[in-house]
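Engineer: Shown below is the structure under consideration.
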Amino acid sequence: MSKEKTSFVYVTYIRSTPEKVFEAIMKPEVARRYWGHENVSDWKPGSTWQHVRDNEQRTVNIVGKVLEVSPPTRLVISWASPAEAANPDSYSRVTFDVAPYDGMVRLTVTHDELEVGSGMAKGVTQGWPVVLSSLKSLLETGQGIDVFAKPKEA
């Protein structure tokens with residue numbers, strides 16, 4: 001019996017160009033500035049990609065494959081924890097849709113095929129909003145935000 005799946009959709013508007021937004025997702029040296037990680041791949045359909053933490057250990061936090069790439073408008077990747085990478089059922093999918101919008105860019109990130117109640121589903125609901133806020137800040141001001149910051153206890 002297959003497990004129940006869920007998806008999350010995040011939309012943000014960024015004062016930038018589709019090319020710069022797409023580059024920020026794919027280029028390791030840009031992604032590290034707003035995500036604290038590098039997205040590493042040759043970005044060809046079927047190729048592997050890794051989400052590598054920008055630390056001394058170069059920890060690989062997420063792995064997957066490039067499913068579709070159409071610069072500068074669409075990127076689709078599979079997404080799994082390295083510990084679960086051998087299990088095909090553990091993969092979810094992330095789609096980045098980049099569209100011009102009245103002198104800006106509308107970035108829609110859809111993370112789907114997530115198992116309801118899983119640690120991954122919980123992580124992405126907390127992670128994507130801060131990552132996309134940091135991306136927006138970087139492209140609009142030149143500086144990302146601290147994606148590892150924790151809320152202060154009241």
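Engineer: Would you mind stating whether Val109 is crowded, with 16+ Cβ neighbours inside 10 Å, touching a residue at least 60 places away in the same chain (Cβ under 8 Å) and either within 12 Å of the chain's Cα centre (by Cα) or in a strand (DSSP E or B) (or both)?
Structural biologist: So Val109 fits the description; yes.
Engineer: Return yes or no: is Thr141 modelled with pLDDT of 95 or more, hydroxyl-bearing (Ser, Thr, Tyr), closer than 22 Å to Met26 by Cβ and over 14 Å from the mean Cα position of the chain (by Cα)?
Structural biologist: Yes.
Engineer: Among Ala31, Ala83, which is the only one that is surrounded by fewer than 17 Cβ atoms within 10 Å (Cβ to Cβ), more than 14 Å from His111 (Cα to Cα) and of a type in the set (Gly, Ala, Ser)?
Structural biologist: One residue alone meets the criteria, Ala83.
Table: residues versus (1) farther than 18 Å from Leu132 by Cα; (2) free of Cβ contacts under 8 Å to residues at least 40 places away in the same chain; (3) charged (D, E, K, R).
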residue: Pro28; (1), (2), (3): no, yes, no
residue: Asp42; (1), (2), (3): yes, yes, yes
residue: Thr48; (1), (2), (3): yes, yes, no
residue: Gln57; (1), (2), (3): yes, yes, no
residue: Val63; (1), (2), (3): yes, yes, no
residue: Arg74; (1), (2), (3): no, yes, yes
residue: Ile77; (1), (2), (3): no, yes, no
residue: Ala86; (1), (2), (3): yes, yes, no
residue: Ser92; (1), (2), (3): yes, yes, no
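Engineer: Select from segment 1-58 the residues that are over 18 Å from Gly142 (Cβ atoms) and among the polar types (S, T, N, Q) and list them in ascending order.
Structural biologist: Correct list: Ser2, Thr6, Ser7, Asn39, Ser41, Ser47, Thr48, Gln50, Asn55, Gln57.
Engineer: In segment 105-135, which residues are of a type in the set (D, E, K, R) and within 19 Å of Ala83 (Cα to Cα)?
Structural biologist: Within segment 105-135, Glu113, Glu115, Lys122 qualify.
Engineer: Just give me the residues in segment 28-41 being more than 17 Å from Val94 (Cα to Cα) and out of contact with any Gly (no Cβ under 8 Å at 6 or more places or on another chain), in sequence order.
Structural biologist: Listed by number, the residues that qualify are Pro28, Glu29, Val30, Arg32, Gly36.
The values are calculated or read from the model by the stated rules, or taken from the named source; none is laboratory data. All of these numbers come straight from a predicted model, not from anything done at the bench. Glycine also receives a Cβ, built like all others from the backbone with ideal geometry; neighbour counts cover every protein chain displayed.
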